[in-house]
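Data first, discussion second: the structure below is written as structure tokens.
The values are calculated or read from the model by the stated rules, or taken from the named source; none is laboratory data. In this text the structure is predicted, and so the values were computed from the model without any measurement. Every residue, glycine as well, gets a Cβ built from its backbone with ideal geometry; the counts of neighbours run over all protein chains shown.
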Amino acid sequence: MTRSWTLPLLLGLSGAVIATGLRLLGRGTGAAAPVLLWFLVMAVLYSPVIFPRSVSAQEARRLSAADGRPVVFWRPGCKYCLRLRFRLGREAGRLHWVDIWRDPAGAAAVRAVNNGDETVPTVLVADRPYVNPDPGWLRDRLSEAAGGGGTAPDSAG
């Protein structure tokens, strides 16, 4: 099991334990079901399931060189990665996603541009790194011609 599934599994297990405890204490299904549902929703949000299929850093760079689309380095459980993913909507599928917990080369690439830190999301647009870019700015890069361009985004993080 990779560590990308550790948090979702812990959330699901915690929800089951708490819901079972509520049932055993006589609180009934009315109290246990919403608690379990909340934990399961959080488990899905923090899992790799809602992100487009991850590729290796090497494959992402090769694809990006061919089609000009940005590469996003991310990891499960990152709230900034979730924000980026949800705010991009369907456009997220047009990006090349690299899960740094599954790809050591991806993690090394992120550390190389972030002074040794694994700060995500780190996005490569035309081989230039941007840390936690504004989703609107990134969406604009997707609509531009291959290779991107434009001005740098404001970083938040």
Hits in region 70-84 (condition: closer than 20 Å to Arg128 by Cα and among the charged types (D, E, K, R)): Arg75
Residues that are closer than 15 Å to Gly77 by Cβ, in contact (Cβ under 8 Å) with a residue 12 or more places away in the chain and either assigned by TED's automatic domain parsing to the domain that holds Arg83 or surrounded by fewer than 16 Cβ atoms within 10 Å (Cβ to Cβ) (or both), drawn from region 31-44: Val44
Exclusive hit being modelled with pLDDT of 95 or more and either closer than 18 Å to Glu144 by Cβ or in contact with a strand residue (DSSP E or B) (Cβ under 9 Å, 6 or more places away or on another chain) (or both), set Ala92, Ala109, Ala66: Ala109
Restricting region 104-150 to residues that are of a type in the set (A, V, I, L, M, F, W, C) and in a strand (DSSP E or B), the residue that is nearest to Asp67 (Cα to Cα): Val125
Matching entry among Trp101, Trp97 (being under 13 Å from the mean Cα position of the chain (by Cα) and not in a loop (DSSP other than H, G, I, E, B)): Trp97
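Residues checked against (1) more than 29 Å from Ala16 (Cα to Cα); (2) touching a Pro at 6+ places or on another chain (Cβ under 7 Å); (3) among the hydrophobic types (A, V, I, L, M, F, W, C); (4) not assigned by TED's automatic domain parsing to the domain that holds Gly15:
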{"site": "Thr29", "(1), (2), (3), (4)": "no, no, no, no"}
{"site": "Asp67", "(1), (2), (3), (4)": "yes, no, no, yes"}
{"site": "Pro76", "(1), (2), (3), (4)": "no, yes, no, yes"}
{"site": "Ala107", "(1), (2), (3), (4)": "yes, no, yes, yes"}
Failed condition for Glu59, given (1) surrounded by 14 or more Cβ atoms within 10 Å (Cβ to Cβ); (2) within 18 Å of Arg139 (Cα to Cα): (2)
